[in-house]
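Throughout, read-outs are computed from the coordinates displayed, never taken from laboratory work. Note that the structure is a prediction, hence the values are computed from the model and not measured. Glycine also receives a Cβ, built like all others from the backbone with ideal geometry; neighbour counts cover every protein chain displayed.
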Amino acid sequence: MRLIDQSLGQAKPVATRSSPPVRYLVLLASTLLLFLTGAVTVLSASTPSSINQAGDAFATFGWHAAYVTVAVFVLLTTVGFDYRRWRRFAPALLILATSSLVAVLLWGRSSGGSQRWLEIAGRTVQPSEIVKFALVVSVASFLDQRRYFLDRFDRVTFPIGVGLVVICALILAQPDLGTAIMIGAIAIGMMWAAGVPFKHLASLAAPGLAVGLLCVLGSPYRRDRVLGFLSASDNPEGAGWQVTQGLLSLANGGLRGTGISAGHAQWGWVPAPHTDFVFAVVGEQLGFIGALAVLILLGAIILTGFRTAQLAPDVFGSLLAAGISVWFLAQVVVNLGGVLQFLPITGVTLPFISYGGTALVVNALAAGVLLNVTRQSI
Amino acid sequence: MSVLSETRTRADSISSRPIPRSEDSLVTRPFGQVGYRGRRIGLLILLTTFLLVGIAGRLLQVQIIERENFLGELYRHVDHASLEGQRGRILDRDGGFLVITDHLPSIGVNPQLVQRPMQVARSLSPILGKSVEDLYSRISNRQLQYVPLMRQVSPEVEQKVLSLDLAGLEIRSEEARVYPKGEDFARNLLGQVDVDEKPLNGLEAQFSEQLSGKAGLRTEYVSASGSIRLPGGGLSYEAPHPGSDIQITLHTGTQYRVEEILKKAVLESGANWGAAIVLDVETAEVLALADVNRSQSDGQVRVSGASGSYLNAFEPGSVAKTLTIAAALDLNRISTDEIFAIPNRYQFADKTFDEPYVDFDRQLDVSEILAKSSNVGTIQISERLTHDELYEYFRGFGLGAYSSGLEATPAFPNESRGRLVPPRQWKGTDHAVISFGHSVSVTAIQLAGAYNVIANDGRFVPPTLARAAINSQGSVSPLSAAKSRQVLDATTATQMREMLERVVIDGTGKRAAVDGYRVAGKTGTAEKFSLEEGDYGERYTTVFAGFAPVDNPRVTVVVVLDEPTEHGASQTAAPVFSQITDSTLSTLGVAKGG
């Protein structure tokens with residue numbers, strides 16, 4: 001008999017389970033299959049550029065394989081780690097994440113015009129990914145603590161808002177608008193799930209969107225991306241190149257795809273084929289069938305995540321599940337939205353698939369937490 | 001909202017606080033139940049489903065429904081590569097390679113991979129022999145992924161460049177013309193191509209159509225840089241066909257010696273340029289044809305880049321007397337033993353001709369007129385011929401026409417026809433002047449063809465250089481459409497040979513003699529007509545034309561030296577003729593004493 005609270009037990013008894021729900025298996029299988037698909041895709045997407053730049057076909061994939069191995073190990077470890085114990089780490093995680101954001105601004109490594117990576121022992125770590133996890137744990141813990149004051153702007157929305165402003169400001173300074181939007185979306189999604197009044201959320205979201213818009217208009221690079229999104233077909237060689245070539249790759253894949261490694265995207269046609277635009281490679285090589293399968297696997301994780309949020313044994317678990325699901329949802333929608341020309345390109349990676357060590361491990365960590373909550377839910 | 005205000009007052013003891021159970025509370029619904037939070041998450045599930053379906057729909061649109069539209073940009077991925085059919089080779093008469101196509105390294109860099117352009121430019125400069133500034137400006141162009149620095153270098157240069165071990169260096173293999181017998185060997189005939197194998201002159205230009213291969217076409221998908229062909233990306237393929245080989249009549253060994261002898265002769269005689277031709281008598285095939293000139297800039301004597309033998313016409317002077325005498329003899333207007341009185345001065349039309357080579361009034365027979373090269377004697381003989389007869393015989397010997405014997409087809413690119421004015425335009429002294437080789441001009445190859453008539457029993461065979469085209473399947477098609485014609489009676493030719501032998505034995509051509517062989521030939525020294533002065537000046541072209549052995553001629557040889565310091569042909573051209581004839585006859589294995 002696992003109860004949140006004595007009083008709840010009287011309202012409706014929560015059934016004990018001798019085995020985890022089917023959702024648990026769906027979630028676990030989806031995650032592992034996505035890791036596998038990602039590994040295969042990253043190998044074929046990175047081979048040409050690896051040969052060209054490092055003279056070694058496995059220069060990129062070798063690290064990806066290593067990160068996936070670590071990620072799966074982290075996932076399997078976290079699955080057995082009672083999610084309630086994360087609450088204890090919330091303040092430490094938040095401090096660690098925030099200070100790493102400060103560190104990245106001070107000593108970070110630049111690439112492609114932004115300073116997003118910390119170099120540790122020769123490899124780079126992306127603190128903004130860690131922030132997402134820290135944010136989910138801290139906001140879940142905070143909202144759980146104040147679950148009776150959710151309609152109090154001053155006790156819930158305002159303090160969270162202040163935290164968001166600090167974190168987002170640090171991230172925007174890198175600059176990384178995409179991750180800042182992610183952070184905002186995750187926090188607001190969790191607050192929405194917790195039951196914070198809509199107008200409070202609107203008062204938080206509105207200034208956020210305004211700042212975001214200012215950022216777009218204030219930077220020629222972002223303006224290009226937005227213009228590229230709006231008028232890709234008018235300018236297929238300039239700002240619209242990446243999205244046009246991405247869609248072309250998808251179309252080239254057709255129903256059944258070109259087959260693994262047989263696509264064009266990775267041969268310099270689609271920029272960032274193993275990171276931001278990995279889905280173009282998936283769709284080209286595996287076709288509509290493969291792309292849809294990947295979409296279904298991602299959808300399965302998000303939807304079972306939300307279902308877990310509904311059926312979690314306690315508020316903290318529910319909010320963790322909801323936060324992680326919103327996180328994955330936002331990543332998927334923003335990434336695929338960029339590739340499929342729903343949204344401007346933001347440099348947000350596709351969870352479990354895209355190359356990127358920190359993101360892979362942190363995604364695995366989140367999935368592990370989600371799995372643990374699911375295992376303990378109805 | 002009384003419950004809420006109540007909770008605020010007890011905020012410090014949340015965990016122990018009993019949960020209020022009011023129906024309209026925002027917070028009292030338990031998780032896992034159908035409650036407010038559950039509904040909010042339900043909305044998130046709806047939103048997720050909506051977004052995922054939207055994404056799936058867009059995927060369906062891009063990949064299936066409107067696939068064709070989105071494939072519109074695919075043309076950018078297609079590369080149409082023209083595949084060069086390898087250019088044919090040029091072979092000598094024995095099938096030896098004179099020009100082949102091989103692959104040579106071309107040195108280039110990828111500027112985007114070069115770390116320190118200046119350093120790279122400095123280290124490459126001495127090897128490639130290009131200025132540091134020039135190299136630096138190319139290497140530092142980071143817009144490009146490949147910049148050629150020097151095309152078609154030797155393997156030695158490639159090795160030196162490779163040993164520098166520079167990042168970003170790119171060596172590409174390129175088709176190039178290679179000359180196995182040496183860059184200079186017969187380059188006057190073979191001609192040149194530029195680095196893109198465009199023919200510039202010579203046989204390369206003349207037979208470019210046969211030599212150049214048929215290009216193939218490969219259509220395929222390539223990488224964005226264009227340099228990588230995508231695996232499985234082939235769309236269509238049309239194979240290239242190599243060009244035909246061209247076999248020429250040149251005899252490599254003879255050509256070598258003739259070039260060497262002529263180079264030495266031009267160097268020592270102080271001439272501007274020289275030409276030497278060796279014809280096979282019966283077929284009139286060119287066994288050797290050398291053109292050398294003295295460089296205006298550095299004074300070096302080298303094989304010319306173009307063939308003066310075909311291109312340069314000069315006044316033949318005394319060598320033409322042979323043709324006049326042969327014509328008169330052939331028409332029986334004179335006999336070989338007829339004696340002519342040779343005055344020192346001779347009136348023809350409105351002009352008095354001096355006899356420059358014969359000292360006093362003398363009695364000379366025809367053979368002696370030729371041997372002493374008497375102008376007055378030749379004029380007297382020519383007076384036995386009408387304008388038309390003289391003209392027709394000169395034409396018969398091949399003067400005033402392409403050496404191919406064809407009206408419209410030169411035997412060599414830009415070949416000169418020389419100058420032979422038709423008789424109706426002749427005025428005053430023209431007849432006399434033409435009879436001893438002035439007011440006409442010939443090329444060395446025309447002269448060789450004309451003397452070959454006498455060597456070849458009176459039969460004119462157009463001199464040929466190109467023998468056959470051999471296509472990549474090995475089938476041979478002859479290139480020369482030579483039509484021979486009888487110009488002189490065989491007996492006239494025999495008489496002429498004997499008279500020309502006298503020239504060598506005791507006439508102006510003594511130094512043309514070859515030990516062990518009977519040699520016949522005629523000297524010629526023509527004052528050059530100067531365009532600037534509008535008159536004949538103090539500059540001369542010296543010529544020797546002849547053949548050997550006299551009783552059964554095997555080779556006809558012509559030597560031309562332009563403006564030697566010593567202007568008598570007997571001193572300059574004749575000895576060169578002797579060396580070439582000697583060398584050629586022994587190379588061909590002609591028995592001595594013939």
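Axis of helix A:198-218 versus longest Cα principal axis of chain A: the two differ by about 20°, to the nearest ten degrees. Can you give the net charge of the other residues whose Cβ lies under 14 Å from the Cβ of A:Gly161, counting K and R as +1 and D and E as -1? Net charge in that neighbourhood comes out at +3. Counting Cβ atoms of other protein chains within 10 Å of each Cβ in A:330-337 and taking the mean gives 3. Its residue count N sets the reference 2.2 N^0.38 Å, and the alpha-carbon radius of gyration of segment B:304-363 equals 1.58 times that reference. Measuring r between the beta carbons of A:Asp56 and B:Gln115 and using R0 = 30 Å, the FRET efficiency lands at 0.95.
Per the Cα gyration tensor, the protein assembly as shown maps to an equivalent ellipsoid with semi-axes of 103, 24, 21 Å, ordered largest to smallest. Here segment A:164-215 is described by how far its Cα atoms reach on the three principal axes: 32, 17, 16 Å, from widest to narrowest. For chain B, the Kirkwood hydrodynamic radius from C-alpha pairs, put into Stokes-Einstein at 37 °C and a viscosity of 0.692 mPa s, yields a diffusion coefficient of 110 µm² per second. Its residue count N sets the reference 2.2 N^0.38 Å, and the alpha-carbon radius of gyration of segment B:252-587 equals 0.94 times that reference.
Long hydrophobic helices in chain B, taken as whole DSSP H segments with a C-alpha length of 27 Å or more on their own axis and mean Kyte-Doolittle hydropathy at least 0.0: B:36-60. Largest GNM mean-square fluctuation among A:Gly113, A:Gly299, A:Gly184, using chain A with Cα springs under 10 Å: A:Gly113.
In a Gaussian network model over chain A where Cα atoms closer than 10 Å are linked, find which of A:Ala364, A:Ala71, A:Ala202 has the largest mean-square fluctuation. Judging by the Gaussian network model, the answer is A:Ala202. When only alpha carbons of segment A:169-309 are considered, Rg and Dmax amount to 18.4, 51 Å.
When B:Tyr221, A:Tyr83, B:Tyr75 are sorted by how many other C-beta atoms sit within 10 angstrom of their C-beta, beginning with the fewest, the order is B:Tyr75, B:Tyr221, A:Tyr83.
Report, in deg cm²/dmol and to the nearest 500, the calculated mean residue ellipticity at 222 nm for chain B, where each DSSP H run with n ≥ 4 adds -39500 (n - 2.57) and the sum is divided by the residue count. Value at 222 nm, helices only, nearest 500: -9000 deg cm²/dmol. Fraction of C-alpha pairs exceeding 22 angstrom in segment A:303-378: 30 percent, rounded to a whole number. Restricting the calculation to Cα atoms, every distinct pair contributes to the Kirkwood radius of segment A:264-312, found to be 12.2 Å. In terms of other Cβ atoms within 10 Å, B:Thr352, B:Thr581 run from fewest to most in the order B:Thr352, B:Thr581. Placing a label point 7 Å from the Cα of A:Leu25 along the Cα-to-Cβ direction, no residue of segment A:261-298 has a backbone N closer than 12 Å. To one decimal place, what orientation-averaged projected area in nm² is obtained for the convex hull of the Cα set of chain A? Orientation-averaged projected area of the Cα hull: 18.7 nm². Of the cross-linked pairs B:Lys263/B:Lys522; B:Lys214/B:Lys263; B:Lys263/B:Lys372; B:Lys198/B:Lys522; B:Lys264/B:Lys427, which ones have a Cα-Cα span greater than 31 Å in the structure shown? Over 31 Å apart, Cα to Cα: B:Lys214/B:Lys263; B:Lys198/B:Lys522; B:Lys264/B:Lys427. Using Cα centres only, tell me the gap between segment A:131-161 and segment A:306-378 in whole Å. For segment A:131-161 versus segment A:306-378, the Cα centre distance is 19 Å. For chain A, the longest principal axis of the alpha carbon atoms and the long axis of helix A:177-194 meet at an angle near 30°. Dipole of the protein assembly as shown computed with +1 at Lys/Arg Cβ and -1 at Asp/Glu Cβ about the Cα centre; of A:Ala265, B:Thr443, B:Tyr402, farthest Cα towards the positive end is A:Ala265. The fewest-to-most ranking of A:Ile130, A:Ile301 by surrounding Cβ atoms within 10 Å reads A:Ile130, A:Ile301.
Less than 5 angstrom separates the built amide H of B:Thr464 from those of B:Glu285, B:Val286, all sequence-distant by 5 or more or on a different chain. Helix A:357-376 axis versus longest C-alpha principal axis of chain A: approximately 30°, rounded to the nearest ten.
Between B:Gln347 and A:Phe198, the distance separating the two model label sites (each 7 Å from Cα on the Cα→Cβ line) works out to 13.6 nm.
Dividing the helix sum by the residues of chain A, where each DSSP H run of 4 or more adds -39500 (n - 2.57), gives a mean residue ellipticity at 222 nm of -23500 deg cm²/dmol.
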